[in-house]
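Comments concern the structure below.
The values are calculated or read from the model by the stated rules, or taken from the named source; none is laboratory data. Everything quoted here is computed from the prediction, not taken from an experiment. Heads up, the Cβs are rebuilt from the backbone with ideal geometry, glycines too, and the neighbour counts pull from every protein chain shown. Side chains are part of the model used for accessible areas, which takes the heavy atoms of the whole protein and leaves out ligands, DNA and RNA. Shrake-Rupley method; radii C 1.70, N 1.55, O 1.52, S 1.80 Å.
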Amino acid sequence: MVNLISKVAIVGVVFVAVLYQFIFKSLIFDFLGHGRHVSSIKDFNHVKCQKVGDLGLEGCEDMWLHEKTGFLYMACTDSQSRVQWNPAVGALNASGRGMNDRIAVLDTRREGSVSSRLIWLNVLNFPGINGDGRFNLHGLDIRADKNTDTLRILVVNHRPPLDPVTGELLDAAVVGANSTIEQFITKAGSSTMRHVKTYADPFINTPNRVAWVNDHAFVFTNDHSDKVGFRRHLDTFIGGGSIGYCSRNRCNIAWDTGLNFPNGLVKGRDALIYVPSTRHGTIDVFSLGEDHKLTHLNEIHTGLPLDNLSVDKNGDIFAAALPKVHKWIEHSKSPFEIHPPTAVLKVTRGGKGYEGIGRKGHLERREADYYVDKMFEDDGSVLPGATIVVHDAETGRFFLGGAVAPYIAICETR
Ligand SMILES: *[C@@H]1O[C@H](CO)[C@@H](O)[C@H](O)[C@H]1NC(C)=O
Ligand SMILES: *[C@@H]1O[C@H](CO)[C@@H](O)[C@H](O)[C@H]1NC(C)=O
Ligand SMILES: CC(=O)N[C@H]1CO[C@H](CO)[C@@H](O)[C@@H]1O
């Protein structure tokens, strides 16, 4: 018996040691960022950043820049509500959800105070929850029409779940959020957007970000394996999540292996799909086939836990990274007190640049096809705990927003 117990104990110790080596060590140091050195923005002489607070630009989780006009679209909420309602990180208290989520439009290329260049989009034709016209914003993508000023907007909307008969709130902690993807239409610089349609589909399960692939179709990430439940809890350790595709009224899963918290995906200038996995600090590169499935072409290692990506006019990809995820987790519970560090990474495609369309085999396992540079970073003094960074290649400016941050930041680099 004693023998058996000691054998069990030894096996237990070995098991914990192996877990430490392969899972917890990477979790604590690589992912959570304990012990990682972070520079201050002051070490980057050419970068001048400014906090923009007090204008209601809170919780601006996602941003998109209209290259032609310089209008910056931002999906915002109030920071405090994200503490209660943020299905991506399992905050599922629907009665604390934001009741004033809205899209801001900042004219970034005009002179004058920020407030004189900022408008909020009024929403037309959208029923919301029991007719209240409201939504709960997360990821967004916009497709600019080639010939006109028309902009097609897609947003992830984390609706609270409702009882279909009574219309009362169901317990989201039990059934999860009722997340949908909403399409709106607007014109650059307009102060309204009109609802076009709702995509509600079993494959749109835990949506995070969307990315248009043409005028009628888009891809999106499901950041977890499920809305709630046991399997979801295992995601941190064994991975989970998927990439979906929707065209008109049909959706399917386009890829579902090897991901771990896939979030702010983009379509690159080269028509490839770039998917960051926060937990791995990698970007997976895919091509989209006629069959609406993805083919994995490459994996870019960035060395930092990543968030959402954006593409600038030159085709370069920018990523907001979280050098200290453990601080960001504290920040997500106390948005006004804790200021986590942010790093801005640039991913440049080498080789043939953005023109060559990738084929399987063509890019496979060739790291040097991409270069990753850290542009600047900050210990939390000026930059928000950024979940998105957008670069205007024309002016050299960067715009940074954070899912729970109480302000945005604008950085000049020239
Ligand atoms: C849920 O949110 C409401 C409204 O903000 C708040 O009063 C309540 O205490 C929250 N519940 C929990 C369990 O945090
Ligand atoms: C989820 O939202 C869709 C689209 O509005 C709606 O048809 C459905 O009844 C909702 N389901 C729940 C559980 O709230
Ligand atoms: C669209 C979007 O903003 N997605 C993610 C950005 O990164 C944060 C932090 O990892 C996620 O919580 C968001 O879901």
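Below is a table of values for the structure above.
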| quantity | calculated |
| --- | --- |
| Separation in nanometres of the label points that stand 7 Å from Cα toward Cβ, at I329 and V196 | 4.0 |
| Sparse-neighbour loop sites [GluC sites (Glu not before Pro); segment 245-335; at most 14 other C-beta within 10 Å; DSSP] | E290 |
| Calculated FRET efficiency for the pair A271/K68, C-beta based, R₀ 22 Å, to 0.05 | 0.65 |
| Charge dipole of the chain about the Cα centre (unit charges at C-beta), most positive-ward option of N298, G244, V404 | N298 |
| Estimated 222 nm signal from helices in the chain, with DSSP H stretches of n ≥ 4 weighted -39500 (n - 2.57), rounded to 500 | -3000 deg cm²/dmol |
| Residue-level accessible surface for S277, protein heavy atoms, 1.4 Å, Å² | 0 |
| Solvent exposure, largest accessible area first (probe 1.4 Å, DNA, RNA and ligands not counted), of D171, D270 | D171, D270 |
| Pair M99, I253: separation of 7 Å Cα→Cβ label points (nm) | 3.8 |
| Formal net charge of residues neighbouring I181 (Cβ-Cβ distance under 14 Å; K, R +1; D, E -1) | +2 |
| Mean accessible surface per residue for segment 32-413, computed with a 1.4 Å probe while every protein chain stays in place, in Å² | 40 |
| Net lengthening on full extension, F336/F237 (0.36 nm per residue, minus Cα-Cα) | 32.6 nm |
| Full-stretch length increase - K146, F230 - with 0.36 nm per residue and alpha-carbon distance subtracted | 25.7 nm |
| Label-point separation, E168 to N314 (7 Å along Cα→Cβ), nm | 5.8 |
| Share of carbon and sulfur in the accessible heavy-atom surface of the chain [1.4 Å probe, %] | 54 |
